[in-house]
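Since the structure comes first, as structure tokens, the remarks are kept for the end.
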Amino acid sequence: MQSYSQIIRDTLFAKTVQLPFFAGFKARRSKQLPIQEPLLPYLGVYIIGEDMPPDGDANAGDIRFINDLKIGWQVIIENNDPVDSELKLDAAFWAIMNGLWCDAKLTNFWQSDLPNGALIEGVMRGTRIHNWGVIGKREVPMGEMQYVATIRYRTMFDPIITDRLLRIHEEIVPISGMEPVPPASEVQRIIIEYEFDATKEKTS
């Protein structure tokens with residue numbers, strides 16, 4: 001019922017909140033609601049966007065995509081010491097990098113623990129940004145770390161065949177050279193019929 005992008009984001013969220021560094025953080029998977037002072041320290045893991053160029057020629061074969069999914073991490077802490085604040089944001093970033101990308105069950109292309117057959121093919125790029133400011137009516141000093149990773153996986157959408165091949169009608173007409181096929185009233189056809197038993201159809 002859910003896309004692989006949703007599954008990947010939910011798995012990354014679940015693994016991130018379990019990292020020891022984020023014990024005591026308030027965590028969310030959506031930016032829909034505003035972040036208020038009582039939520040600090042805060043951790044967010046979001047779907048930022050997704051690019052889907054074709055996997056191979058767009059007009060050849062089944063529909064297939066190379067999915068470049070952008071997942072964003074947002075870490076906000078309260079701290080009026082700029083040096084200590086920067087160190088903590090950097091520690092948060094490093095906890096994410098080591099806690100996720102060193103996880104063999106997450107990044108293993110053949111034996112991933114992602115559900116529903118989802119697989120992470122690779123992390124194509126990452127971007128980190130630090131922001132500073134205040135939050136809430138009391139103007140509490142805060143530091144923010146934003147990390148966006150572009151995660152690549154592939155999807156294919158095979159056609160759904162509903163008209164089963166149960167009968168083949170074949171007619172053979174003897175002709176010479178490239179002459180046109182004569183009508184049935186002039187040349188007798190050799191007719192072959194193939195019937196297939198639907199009850200013996202192989203299912204997977």
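Using DSSP to define loop residues, name the chymotrypsin sites (Phe, Trp or Tyr not before Pro) in the range 47-133 whose beta-carbon has at most 15 other beta-carbon atoms within 10 Å.
Working: sites: Phe65, Trp73, Phe93, Trp94, Trp101, Phe109, Trp110, Trp132; in loops: Phe109, Trp110.
Here the sparse-neighbourhood loop sites are Phe109, Trp110.
Relative to the longest principal Cα axis of the chain, at what angle does helix 4-17 sit, 0 to 90 degrees, rounded to 10?
Approximately 30 degrees, to the nearest ten.
Just rank Leu19, Leu87, fewest to most, by other beta-carbon atoms within 10 angstrom. Numbers along the way, then the final one.
Numbers: Leu19 16, Leu87 13.
Sorted ascending by nearby Cβ count, the order is Leu87, Leu19.
Considering Cα pairs under 8 angstrom that are at least six residues apart, work out the relative contact order of the chain and quote it in whole percent. Walk me through the intermediate numbers first.
Working: 322 pairs, mean separation 39.8, N = 204.
That works out to 19 percent.
Working out 0.36 nm times the residue gap between Ile175 and Gln2, then minus their Cα-Cα distance, what length gain in nm do you get to one decimal?
Length gained between Ile175 and Gln2: 56.5 nm.
Fewest to most neighbouring Cβ within 10 Å: what's the order for Val83, Val148, Val187?
Working: Val83 8, Val148 17, Val187 11.
Fewest to most other Cβ atoms nearby, the residues stand as Val83, Val187, Val148.
Where Lys and Arg each count +1 and Asp and Glu each count -1, what net charge lies around Asp10 among other residues with Cβ under 13 Å from its Cβ?
Summing Lys and Arg as +1 and Asp and Glu as -1 gives +3.
For Glu50, what is the net charge nearby, where nearby means another residue's Cβ is under 11 Å from its Cβ and Lys, Arg count +1, Asp, Glu -1? Before the final figure, lay out the partial values.
Numbers: positive: Arg9, Lys70, Arg152; negative: Asp51, Asp68.
Result for the neighbourhood of Glu50: +1.
For Lys200 and Trp101 in one chain, what is 0.36 nm times their gap in residues minus the Cα-Cα distance, to one decimal in nm?
Numbers: separation 99, 0.36 × 99 = 35.64 nm, distance 4.75 nm.
That pair, Lys200 and Trp101, stretches by 30.9 nm at full extension.
Can you list the trypsin sites (Lys or Arg not before Pro) in the range 122-204 that are in a DSSP coil and have 11 or fewer other beta carbons within 10 angstrom?
Numbers: sites: Arg125, Arg128, Lys137, Arg138, Arg152, Arg154, Arg164, Arg167, Arg189, Lys200, Lys202; in loops: Lys137, Arg138, Arg164, Arg189, Lys202.
Here the sparse-neighbourhood loop sites are Lys137, Arg138, Arg164, Lys202.
Quick one: net charge around Val140, please, counting Lys, Arg +1 and Asp, Glu -1 for every other residue with C-beta under 11 Å from its C-beta.
Values: positive: Lys137, Arg138; negative: Glu37, Glu78, Glu139.
Cβ neighbours under 11 Å give a net charge of -1.
By how many nm would the segment from Val134 to Leu33 lengthen if fully extended, with 0.36 nm per residue of separation less the alpha-carbon distance? The partial results should precede the final answer.
Working: separation 101, 0.36 × 101 = 36.36 nm, distance 1.76 nm.
So the extension gain works out to 34.6 nm.
Give the residue list of GluC sites (Glu not before Pro) in the range 104-204 that are DSSP loop and have at most 14 other beta-carbon atoms within 10 angstrom. Intermediate results must be reported in sequence, preceding the final value.
Working: sites: Glu121, Glu139, Glu144, Glu170, Glu171, Glu186, Glu193, Glu195, Glu201; in loops: Glu121, Glu139, Glu186, Glu201.
Passing both the DSSP loop test and the Cβ count: Glu121, Glu139, Glu186, Glu201.
Give the cross-link partners of Lys31 among the aspartates and glutamates, using a straight C-alpha distance below 18 Å as the criterion and excluding same-chain residues fewer than 8 apart.
Filter leaves Asp10, Glu50, Glu144.
Which one is right for this structure if percent of Cα pairs over 31 Å apart is calculated from it: [x] 31; [y] 16; [z] 46?
The value computed from this structure is option [z].
Suppose R0 equals 45 Å. What FRET efficiency, 1/(1 + (r/R0)^6) with r the Cβ-Cβ distance, do Asp57 and Leu19 give to the nearest 0.05?
Details: r = 42 Å, r/R0 = 0.93.
The computed FRET efficiency comes out at 0.60.
Here, each number is a calculation from the coordinates, and none is a lab measurement. The shown structure was predicted, so the numbers you read here are calculated from the model rather than taken from an experiment. Because the Cβ atoms are built from the backbone with ideal geometry, glycine has one as well, and the counts that use them run over all protein chains shown.
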